[in-house]
Amino acid sequence: MDFLGFPDSESERHAHFYVLASSFAAAIYMFTIPRRVKAGRKRFLLCSPVLLLNIMQPYIFFWTVGRHYCNFIPLYAAFCTWWTAFKVMAFGIGRGPLCQFSAFHKFAVVMLLPILPHGDTNHGVKDERSGSSWSSPTYLEMFAKFCGLGLCTYGISQLSHDGFPVLYNVFLSLIMYLHICVQYTGSNLATSKVLQVPLSDGMNQPYFSTSLSNFWGRRWNLVASSSLRHVVYDPIREGRLVPKGHPEEKPGGGKEVSRKVLGSLMAFLVSGIMHEYILWLATGFWSGQMLLFFVVHGVAVAAERVAKVAWARHGLPAIPCAVSIPMTIGFLFGTAELLFYPPIFSANWAEHGVADLRRQFRSLGLSV
């Protein structure tokens, strides 16, 4: 869960070196062998050793340094087992961002880092609130997000969850948002000149979400949602693993609607399983509540989609942003209070995560 941490033991340094070296070797293998094979079953089988490696890397790090070191284990679980592995799976069936690049350095950077080429996603559309297209992040934005993360870390350290549970969870939500922003924005800034392609930021102002589908599909953690779209949603929506014809080709009629709903539900189910897996790997704690949180939101997004169709059919006016934004954020925060945050506190992940963040800020000479 940490972008800022530094290894402070020999075993940690060895573990980091193994993960980085094996990941680079996997990128070389992916570029030289599976890329030369047509997308489908054979290419997917050739990608399977890399999938297995990505699944095992967090375990190897855990066995080397122990579960007590809570930051890098979930970080590698998210990077390797989710984002990189899903990119590899998508590549095996001819989907995703890796299919865009024929140069090794670009292929490897996109494979190994949490970055999102602008042309890869349907998230890079005009902002529904302002109508303006969002641009690549700047160093000023990175500095502002870094300072915000430090301030929120200091603020939450002055509170106790038992004394101020709602305020504590607000700070925790801000830390989660800014922490992901720092990871994604830092990766984008570090690689934009290497790739020489426009990159989308990992977050797109989620606090302006006008609906749940707008939040999950176009604003929150777009690297994760893009990976789920390529591996889960699009194959179900299209009724095939390997895309045929134009990538925007869609089935028609009622079958299209049912496939969209099923694809959306399955994407939320897989997201819930991955969140439970990361929590378990970091803490040894598995509750099922995170899984239920994403299932609830999957059902809510499907219901919202049906309600929008009925709303438009009756010619009713659009709900103003002043109403839809508070409703969306309220539902998100309310369900998180009931289902998402309790396992985090039961496993003491929040407490340890905040303590580690403070330690890493202090290693930079900053007292928070």
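The values are calculated or read from the model by the stated rules, or taken from the named source; none is laboratory data. From a predicted model like this one, the values you see are computed outputs, not experimental measurements. With ideal geometry, Cβ positions are generated from the backbone for all residues, glycine too; neighbour counts draw on all protein chains shown.
List pairs: first in the stretch 193-215 and on the phi > 0 side of the Ramachandran plot, second assigned to a helix (DSSP H, G or I), Cβ under 9 Å, 6+ apart or cross-chain?
If the second residue must be assigned to a helix (DSSP H, G or I), the pairs left are Gln196/Lys106.
Do you know which residues across the stretch 152-202 are over 16 Å from Phe345 (Cα atoms), among the hydroxyl-bearing types (Ser, Thr, Tyr) and not in a helix (DSSP H, G or I)?
Ser200
Tell me, which residue of the stretch 351-368 that is in a helix (DSSP H, G or I) and among the hydrophobic types (A, V, I, L, M, F, W, C) is surrounded by the fewest Cβ atoms within 10 Å (Cβ to Cβ)?
Only one residue fits best here, namely Ala355.
With in contact (Cβ under 8 Å) with a residue 60 or more places away in the chain, of a type in the set (A, V, I, L, M) and within 18 Å of Ser213 (Cβ to Cβ) as the only criterion, which of Leu366, Leu332 stands out?
Leu332
Could you please let me know if Phe285 is closer than 30 Å to Tyr59 by Cα, touching a Ser or Thr at 6+ places or on another chain (Cβ under 8 Å) and of a type in the set (Phe, Trp, Tyr)?
Against the criterion (closer than 30 Å to Tyr59 by Cα, touching a Ser or Thr at 6+ places or on another chain (Cβ under 8 Å) and of a type in the set (Phe, Trp, Tyr)), Phe285 qualifies.
Rundown of residues vs (1) surrounded by fewer than 19 Cβ atoms within 10 Å (Cβ to Cβ); (2) over 22 Å from Asn54 (Cβ atoms); (3) of a type in the set (Lys, Arg); (4) modelled with pLDDT under 90, yes/no style:
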{"position": "Met266", "(1), (2), (3), (4)": "yes, no, no, no"}
{"position": "Gly272", "(1), (2), (3), (4)": "no, no, no, no"}
{"position": "Ile278", "(1), (2), (3), (4)": "no, no, no, yes"}
{"position": "Phe293", "(1), (2), (3), (4)": "no, yes, no, no"}
{"position": "Val296", "(1), (2), (3), (4)": "yes, yes, no, no"}
{"position": "Lys308", "(1), (2), (3), (4)": "yes, yes, yes, yes"}
{"position": "Leu316", "(1), (2), (3), (4)": "yes, yes, no, yes"}
{"position": "Ser324", "(1), (2), (3), (4)": "yes, yes, no, no"}
{"position": "Thr328", "(1), (2), (3), (4)": "no, yes, no, no"}
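Residues are listed down the side, and each one gets a yes or a no for (1) charged (D, E, K, R); (2) modelled with pLDDT under 90:
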residue: Asp201; (1), (2): yes, yes
residue: Phe208; (1), (2): no, no
residue: Ser211; (1), (2): no, no
residue: Phe215; (1), (2): no, no
residue: Trp220; (1), (2): no, no
residue: Val232; (1), (2): no, no
residue: Pro243; (1), (2): no, yes
residue: Ser258; (1), (2): no, yes
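Hey, does the stretch 9-29 have a residue that's under 22 Å from the mean Cα position of the chain (by Cα), modelled with pLDDT under 85 and surrounded by 15 or more Cβ atoms within 10 Å (Cβ to Cβ)?
Yes, that holds for at least one residue.
Step by step: first the residues of the stretch 46-56, then only those that are aliphatic (A, V, I, L, M) and under 25 Å from the mean Cα position of the chain (by Cα), then the one that is surrounded by the most Cβ atoms within 10 Å (Cβ to Cβ). Which residue is that?
Filtering the stretch 46-56 for residues that are aliphatic (A, V, I, L, M) and under 25 Å from the mean Cα position of the chain (by Cα), the one surrounded by the most Cβ atoms within 10 Å (Cβ to Cβ) comes out as Val50.
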